[in-house]
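> Dropping a structure here in structure tokens format, bear with me for questions.
The values are calculated or read from the model by the stated rules, or taken from the named source; none is laboratory data. This one's a predicted model, so the numbers in the text were calculated from it and none came from an experiment. Cβ sites come from the backbone with ideal geometry, for glycine too, and all protein chains shown count toward neighbours. Side chains included, ligands, DNA and RNA excluded: accessible areas come from the protein's heavy atoms. Shrake-Rupley method; radii C 1.70, N 1.55, O 1.52, S 1.80 Å.
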Amino acid sequence: MTIRILLADDHSVVRQGLRMFLSLDSEFEVIGEAPDGSEAVKMARELQPDVVLMDMLMPVMDGITATGIIRKEMPDTEVIALTSVLEDGAVVGAIKAGAIGYLLKDTQQEELIRAIKAAAAGQVQLAPQAAARLMREVRAPDAPQALTERETDVIKLLAQGKANKEIAMELVIGEKTVKTHVSNILLKLGVQSRTQAALYAAQNGLAELGHA
């Protein structure tokens with residue numbers, strides 16, 4: 001199945017390099033390029049990509065704001081923050097806005113490919129240092145709605161870094177049912193991404209975070 005990708009970066013050279021590199025993988029299709037956050041939101045609405053590679057520092061609208069809008073309006077579209085800065089504010093802001101993960105622009109090619117495929121599969125993958133930083137900074141909701149027993153099963157596996165398909169196989173349910181459970185979990189916890197749900201599970205002793 002082809003993974004449809006939208007690139008959002010204000011540097012055309014970066015977008016061109018990413019497009020050329022991603023075109024080498026038959027599983028990827030770059031369906032659009034946006035030079036700023038506002039255009040990224042507009043194109044995401046039109047094209048409904050599976051994954052957005054989102055720069056954090058862009059004119060008109062920054063990547064954090066754009067990520068938040070896309071995740072609220074298009075919950076089936078996953079966002080990976082791809083940035084040149086590793087500041088707590090940018091990292092935490094991206095995850096709070098709903099990004100499923102973040103990478104630096106000097107990331108190895110294999111790692112970028114793995115992250116895109118993991119995001120498309122609904123798989124949370126955090127580097128250990130990122131997980132530690134996020135655990136400190138991203139607080140769990142104060143009074144979330146109680147999760148059902150099945151939702152608790154799903155969030156435990158999600159936090160372990162399992163993809164939707166693996167969760168479905170382990171719980172002997174359909175992949176669409178897993179997606180429905182994940183949507184309900186996000187709604188009940190009042191969070192925007194699987195990554196935040198995984199952090200909640202770890203903070204509340206439901207599961208150990210799976211590391212990349």
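> How large is ³J(HN,Hα) for each residue in the stretch 56-61, as worked out from phi by the Karplus curve 6.51 cos²θ - 1.76 cosθ + 1.60 (θ = phi - 60°), to whole Hz, x for Gly and Pro?
8, 9, 9, x, 6, 9
> Let me ask you something else. If the reach is capped at under 14 angstrom between alpha carbons, list the aspartates and glutamates near K105, excluding any in the same chain fewer than eight residues apart.
D9, D10, D55, E87
> Setting aside same-chain residues fewer than 8 positions from K156, which lysines have a Cα under 28 Å from its Cα?
Within reach: K72, K96, K117, K165, K176, K179, K188.
> Eigenvalues of the Cα gyration tensor times 5, then square-rooted: what semi-axes does that give for the chain, in whole angstrom, largest first?
One finds semi-axes of 27, 18, 16 Å for the chain.
> Which of the GluC sites (Glu not before Pro) found in the stretch 66-116 are in a DSSP loop and have at most 10 neighbouring Cβ atoms, other than their own, within 10 Å?
E87
> Before I look further, what does the chain give for accessible area per residue, probe 1.4 Å, in whole square angstrom?
On the way: 10170 Å² over 212 residues.
In whole numbers, the chain has 48 Å² accessible per residue.
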